[in-house]
């Protein structure tokens, strides 16, 4: 689809936030409309996180209008809501290549712009980071203001609550803006969400709130706020009016209409004059201003390519299943087989495929919100109580739950199945989201099983095998995106012996040990080499990073001259580390060369571009094997 370039009379005149300082409210309102239109235009052909950013336009324009970034620090949470920020801070044209290889990041990034005060790819970090900025300013006698912008979904994360608790106790000058749109990726759940909903819907509270905000602009503003805080809590029967935040030591204001630029600006001007830790509750609509995104907020969180005029999404027609869909269907099938099987997700039900279980068996499905640590320990409790929990967490997010995986699951040998979605190179989300480190991180934990399927059938069988396991953690890690096109739905369940690899191609002199779908690329490359030269290496699908196949490793140690490992993970500590350590223990004098993700951060780009960069495509693997055949292993 070709991109039509619309003319934007106000937006095209803005190269920095300074250019909006003299705008009147009508101009700001027009600017917000133009930013939305520009986002839709760009994201229709270059996909991104659209819904959240559409809903936060007025908040971001208002912040840049009232505050003086980069001297004042604006700290975003996650960054899904930050597109308007990027567009008006000198990156308007660069936004057309948002999330592309060589383009700008989809998230705030300190190295990209002085306006990006703090990097934000994972949730719930903004309050703690902003408090750090505020304390640094106080220590140095600086007059800068600090604002944290956090969504209601991110507020469920433990780190956010820890930050709020510490901010309230510190008495530091910090403004937290709660961008409340009642949804994260999927619909928000949990006690904190219900609490925020009561605040925003209680008629008695809103009557008192309207009285207070009607008084804005009067000389007795501060007195009215203090009276409101003191009286509202005590007169309402239900717990509303921000008493949770008050109990933490933060002064609570709101809710306001976060999509009304006039109210946003007026409120922020008043809030800027106040001191101490305070929280402003702003109500916004995810997908604001674009009807398809407003009506289906989950889908339009990140909709892919679409027609901006009709809202029709351009879907892949290749007929190959995505790994997340395989996981979802297999989990439901296992739950039908075994009444002890339950599913747990930290706010990724649709993203990981668990929405199928939610729909058919809601009593055996748990969405705990953005709480990875809680998800793992909750799963451990379920397992200790006799259930069989499948806990699905994106690989990079699982890093937050390392202690829980170690202390609460592994140390107690509890049969928790951890399904790490988005293992390896995820693509356009870049360094914050690549699942490069899971194999090396968890391989060091005693008793842990790490299974790496090379296709959809192996994922299905490994999930079945994990259900039968009596100890844990049993980790299954698989990539984002489409599988190999196997007929996995017709495949009957088959238990795979833990720590048992397979031979894909017999050869001589060189053993290629592969993990995950890269084994298929290695097989493709070796097959071509065999046709061209008459020589080929042996290709092994190791299946389990831990435990390694002892008999296979002994065979390799006594048969080959050289070993090459291939993995969609960091070569430091992952499969290469496991193989080299094992062979060293056998005193096998073999050179072990690792092909995988190098010891540096990988930026954004398509998965295919990044795999080529890291040497993980069949063409790049072919070059390595071709070089070996030409140097050492020509047919006699």
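Throughout, read-outs are computed from the coordinates displayed, never taken from laboratory work. Fair warning: this is a prediction, and the values are worked out from it, not measured in the lab. Here Cβ is always computed from backbone atoms with ideal geometry, including for glycine, and neighbour counts include all displayed protein chains.
Going by how many other beta carbons lie within 10 Å of each one, how would you line up 419, 391, fewest first?
Lowest count first: 391, 419.
Test of understanding: ordering 32, 358, 43 by Cβ neighbours within 10 Å, fewest first, what list do you get?
Final ranking by Cβ density, sparse to dense: 358, 32, 43.
So how long is each side of segment 444-566 along the principal axes, counting just the alpha-carbon atoms, biggest first, in Å?
Ordered largest first, segment 444-566 gives principal extents of 45, 33, 23 Å.
Short version: what are the Cα gyration tensor semi-axes of segment 555-599, square root of 5 times each eigenvalue, largest first, in whole Å?
Its equivalent ellipsoid spans semi-axes of 19, 10, 7 Å.
Relative to the compact globular guide of 2.2 N^0.38 Å, what is the alpha carbon radius of gyration of the chain, as a ratio?
Relative to the 2.2 N^0.38 Å estimate, the chain comes out at 1.05.
Taking every pair of distinct Cα atoms and averaging 1/r, then inverting, what Kirkwood hydrodynamic radius in Å comes out for segment 31-92?
One over the average 1/r among Cα pairs gives 11.9 Å for segment 31-92.
Could you let me know the centre-to-centre spacing of segment 61-110 and segment 459-484, using Cα atoms, in angstrom?
Distance between centres, Cα-based: 38 Å.
Work out how much length residue 508 to residue 626 would gain on full extension: take 0.36 nm times their residue separation and subtract the Cα-Cα distance, in nm to one decimal.
Working it through step by step, the gained length comes to 41.0 nm.
Across segment 360-454, how large is the tail of the calculated P(r) beyond 21 Å, expressed as a percent of all Cα pairs?
That fraction is 31 percent.
Please compute the Kirkwood hydrodynamic radius over segment 481-636, one decimal place, Å, based on all pairs of different Cα atoms.
16.2
Just grab the label-to-label distance for residue 138 and residue 33, each label 7 Å out from Cα along the Cβ direction, in nm (one decimal).
4.4
Return 80, 281, 374, 491 ranked ascending by Cβ neighbour count within 10 Å, so the fewest neighbours appear first.
491, 374, 281, 80
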